[in-house]
Amino acid sequence: MNEVQYSQQAQIQFSEENNYYVDLLININNFIINSLLLNSSNDLKSLRINLYITYINHIYNWLLQIQLIFYALIKKHKMIVEDAMVQIQSSEGKITQVEKIVISKSLLIKSILEDFDNEVIPLPFVPEFMLTKVVNYCLLHMDHDEPKFSRPLEALNISQLIEQRYDEYINDFTKVELIDLINVASYLDIPSLLELACGKLASIMKQMSKEELIKGFGLVEEMVAEKINQ
């Protein structure tokens, strides 16, 4: 449940509880008034009833003030939550709502938000699948330092150089998806994700033979020989 839904549910629950106590107050009021009418003189009845009605009115007004304060807090909280969110649109037209502080890991989106704060941000070169992966990376990046490793890679496998959480994340991509991720990270200007994706692809290529490189990436033999010599 997100914070907006929580606020709406809390408002409904408070309203229901408030109505319950108001109804209970009315029933108690009627019961006591009827009790006061028994075995009392007319003047005493009138005095007791007036005092009690005044007391009940004070309680009822107090409940109404509490309700108004609560509604105001809910409205303020909802505005804060909504202001902290932004809508981003994939190339397929799917709109995703995400926290601004999360997606601002993209320097492109961060710069757009500075000029267009409350508009849907179209990302025509980012398919929905990749957009979800990017958001997941940004969420991962929120709680942990960005992945850091030396370049060129000091180990054959990048898994030996990065934290397990980032290793598990990047291992979820195929070679073709890694190339797409590199393009998306470059377009969105997320330097740490771009380096992670490039590092993973380099790690894969270091473990492949010349024939596998030619077949797996569609490279010509001269290009492979040049890279190997480098």
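The values are calculated or read from the model by the stated rules, or taken from the named source; none is laboratory data. Since this is a predicted model, take the numbers as computed values, not measurements. Neighbour counts are summed over all protein chains in view; Cβ atoms, including those assigned to glycine, are modelled from backbone coordinates with ideal geometry. The accessibility values were calculated without ligands, DNA or RNA, using every heavy atom of the protein model including side chains. Shrake-Rupley method; radii C 1.70, N 1.55, O 1.52, S 1.80 Å.
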With +1 at each Lys and Arg Cβ and -1 at each Asp and Glu Cβ, the charge dipole magnitude of region 116-203 around its Cα centre, to the nearest 20 debye, comes out at 340
How much length would be gained if the chain were fully extended between residue 165 and residue 151, taking 0.36 nm per residue of separation minus their Cα-Cα distance, in nm to one decimal?
3.0 nm
Rounded to one decimal in nm, the spacing of the 7 Å Cα→Cβ label points at residue 62 and residue 87 is 4.5
Using a 1.4 Å probe and counting only protein heavy atoms, arrange 165, 151 so the residue with the most accessible area comes first.
151, 165
Could you tell me the calculated FRET efficiency between residue 144 and residue 175, based on Cβ-Cβ distance and R0 = 35 angstrom, to the nearest 0.05?
0.85
Tell me the label-point distance for the pair residue 187, residue 205, using the 7 Å Cα-to-Cβ offset, in nm and rounded to one decimal.
2.1
